[in-house]
Amino acid sequence: MEQQYMTTLLEAYKRGYEKRYKGKEDAPEMKEHYFKVKDDLPRVQVVLGFLWGIVPAGQCQTLLDVGSGRGVFLFPLLRDFPDLEVTSLDILPHRVELLQCLQDGGIANLHPLQADICTWDAPAKSFDVVTMLEVMEHIPDTEAVVRNAIRLARNYVIVSVPSKPDDNPEHIHLFTNEDLTELFMKNGCRKVKFMSVTDHRVMVAHVKR
């Protein structure tokens, strides 16, 4: 059976790749497989479902996605919300360069940046929603990441983290619901709610205005 792709994103990526790397001997390998159509992960489905409830209501016109990585959440987000202004933040330059190919190829609502969420000094309340899916368990200074994410958000911060130990050596924290509630409430949220996803915690934090 022939593999299906997210056609709009793949074609933009290929156009942007050609613009950025044509004739360069040190060009990175093309990553077309990132754009294969596959079932969205349960945690991604849950977050997209929440966004479907607030985007049409005007509560999310700008979104910051922290740690966009290989696009596991970002690409379905761009697929489902082609008019949403999305800023993607990652600390790894090769991840950012791949997303810049998408932007260069015509995905004008995507704005990739290389920065550390713990120290990024964008103006407060710059985004309606901040998403951090599978990010917090990697970051040593959890207070800093939570504090800055809340500072940057006007309405919501959405987080997913593993709910049980795993064998990933890059996972340095394991959060309970109580841990996340305390972190977000003491740093400026007025309420939090959790959604059930197998092996993960998905939390929506409502930011104080």
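In Å, what Kirkwood hydrodynamic radius results for segment 7-207 from the alpha-carbon pair distances?
Kirkwood hydrodynamic radius for segment 7-207: 17.4 Å.
Taking only DSSP H segments of four or more residues, each worth -39500 (n - 2.57), what value at 222 nm results for the chain once the sum is divided by all its residues, to the nearest 500 deg cm²/dmol?
-10000 deg cm²/dmol, from helical runs alone.
Between Q61 and D116, with labels modelled 7 Å along Cα→Cβ, what's the label distance in nm to one decimal, could you check?
Output for this residue pair reads 3.4 nm.
Using 1/(1 + (r/R0)^6) with R0 = 30 angstrom and r between the beta carbons of H206 and E11, what's the FRET efficiency to the nearest 0.05?
Approximately 0.20, to the nearest 0.05.
Hey, how many Å between the Cα centroid of segment 108-159 and the Cα centroid of segment 34-88?
Cα centroid to Cα centroid, the span is 15 Å.
For the chain, what is the number of Lys pairs with C-alpha distance below 29 angstrom, counting only pairs 8 or more positions apart or on separate chains?
24
Compute the label zone of D83 within segment 43-59: residues whose backbone N is under 13 Å from the point 7 Å along Cα-to-Cβ.
Residues 55-59 fall inside that zone.
Any idea which of V46, T198, C101 is furthest toward the positive side of the dipole for segment 7-207, if Lys and Arg beta-carbons carry +1 and Asp and Glu beta-carbons -1?
Farthest along the dipole direction, towards plus: V46.
If amide H atoms are built 1.01 Å from N in the plane of the peptide, which residues on other chains or at least 5 residues away come under 5 Å of the amide H of H200?
S163
Tell me, what HN-Hα J-couplings in whole Hz come from the Karplus equation 6.51 cos²θ - 1.76 cosθ + 1.60 at θ = phi - 60° for each residue of segment 56-68, using x for Gly and Pro?
Running phi through 6.51 cos²θ - 1.76 cosθ + 1.60 with θ = phi - 60° gives x, 7, x, 8, 8, 10, 9, 9, 9, 9, 8, x, 5 Hz.
At what distance in nm do the modelled label points of K125 and H33 sit from each other, each positioned 7 Å from its Cα along Cα→Cβ?
That separation, rounded to one decimal, is 4.6 nm.
For a distance above 15 Å, tell me the whole-number percent of Cα pairs in segment 11-105 that qualify.
Everything past 15 Å amounts to 64 percent.
Can you list the HN-Hα couplings for segment 166-175, worked out from phi with the Karplus curve (6.51, -1.76, 1.60; θ = phi - 60°), rounded to whole Hz and with x for Gly and Pro?
Result, rounded to whole Hz: 9, 9, 7, x, 7, 8, 9, 9, 10, 9.
Every read-out reported here was derived from the displayed coordinates using simple, explicitly stated rules and does not represent laboratory data. Everything numeric here is computed off the predicted structure, so don't read it as measured data. Positions of Cβ are backbone-derived with ideal geometry, glycine not excepted, and every protein chain shown enters the neighbour counts.
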